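J.: Input: one structure, supplied below.
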Amino acid sequence: MIKPINNNKYFKFFQPKLFYINNDIDNDDPVRLLSAILEEMDFSNLLQVFPNKTKVHPVNMFAVIIYAYSQGKYSTRDIEFLCRDSQRTQYLLNSLNVPSYSTISRFLSKASDIIYELFCQFVEKLFKLSEIPTETIYIDGTKIEAYANKYSFVWKKSTLKYKEKLEENILELIDEFNKYFNKEKELDNIFDIFSYLKKLKIQKIYGRGKRKSKEQLFLEKAQSYVEKFNKYTNYLEILGERNSFF
């Protein structure tokens, strides 16, 4: 008879019997922070997908997958090899059986919708620990790029921060532009400035040792600011009341 697994929505990775493995991992090793973050997550939906006992606990499996992705290992065969070869994955597996590539594949297929939700939850906790607004997250030098090959996250908090800084830069550029060109009628928005600069047919030069004209520098900045402004505005329209999308 198949016994139900522990359905506690929070999960503790390590047991006293594994002290020898636990003790071999440095206290400042990134995998300890990874496991600490995972222990703060709510896995109740994942456990509903796997209500019965499995060879590898689904939370341990998710932990291994997150770690494998952080190391740039995305294929199930590569993840299996990492489980066999890495002390860190053994730490995350808590001395459970090493999953085969087919077991990993079945897990990913069965839990695909839940993994999306868990990854969002995981990244949100990372962002609470760090104010670094980046799609590639670093934990003590270790990259966390889970699903980076498939998805790019957009965060509302980061977008608002970027847009605020951009608007400050735009105001500075508008002021510099009007002082330099000394037009009878000053231009007061970045779109008009960009349009004006494009009409000048500015000769562009590139390459080491070549000095760009002031006009070219204005044009390049204006173009960059217009593109970023449109991008952030579009992101915020998509976000609406949400905190993130990808």
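J.: If each residue of separation counts as 0.36 nm, what is the full-extension length gain between Glu184 and Leu217 once their alpha-carbon separation is subtracted?
T.: Working: separation 33, 0.36 × 33 = 11.88 nm, distance 2.18 nm.
Additional length available on full extension: 9.7 nm.
J.: Shifting gears a bit: In the range 157-216, which GluC sites (Glu not before Pro) fall in coil by DSSP and have 11 or fewer other Cβ atoms within 10 Å? Don't skip to the end; give the middle numbers.
T.: On the way: sites: Glu164, Glu167, Glu168, Glu172, Glu176, Glu184, Glu186, Glu215; in loops: Glu184, Glu186.
Answer in residue order: Glu184.
J.: In percent, what relative contact order does the range 154-245 have, based on Cα pairs under 8 Å that are 6 or more apart in sequence? Could you put the intermediate results ahead of the total?
T.: Working: 59 pairs, mean separation 42.9, N = 92.
Taking the mean separation of contacting Cα pairs over the length of the range 154-245, I get 47 percent.
J.: Just check the range 158-234 against the gyration tensor rule for me: Cα atoms, a ≥ b ≥ c as the square roots of the eigenvalues, rounded for a/c under 1.5, and otherwise prolate or oblate depending on whether a/b exceeds b/c. Before the final figure, lay out each step's value.
T.: Details: a/c = 2.00, a/b = 1.32, b/c = 1.52.
Since a/c reaches 1.5 but b/c is at least a/b, the shape of the range 158-234 is classed as oblate.
J.: From the residues Tyr196, Gly240, Leu217, which one has its Cα farthest along the dipole of the range 154-245 in the positive direction, the dipole being from +1 and -1 charges on Cβ of Lys/Arg and Asp/Glu about the Cα centre?
T.: Leu217
J.: Right, something else. Taking loop as defined by DSSP and a crowding limit of 14 other beta carbons within 10 Å, which trypsin sites (Lys or Arg not before Pro) in the range 27-125 fit?
T.: Taking the range 27-125 and a limit of 14 other Cβ atoms within 10 Å, the loop trypsin sites (Lys or Arg not before Pro) found are Lys53, Lys55.
J.: Using only the Cα atoms of the range 43-87, build the gyration tensor, take square roots of its eigenvalues as a ≥ b ≥ c, and label the shape rounded, prolate or oblate: rounded if a/c is under 1.5, else prolate if a/b is larger than b/c, else oblate. Mind dumping the intermediate values first?
T.: Values: a/c = 2.64, a/b = 1.94, b/c = 1.36.
Prolate.
Where a number appears in this text, it was derived from the coordinates with a stated rule and is not lab data. Keep in mind that this is a model prediction, so the values were computed, not measured. A quick note on method: Cβ atoms are made from the backbone with ideal geometry, for glycine too, and the neighbour counts reach across all protein chains shown.
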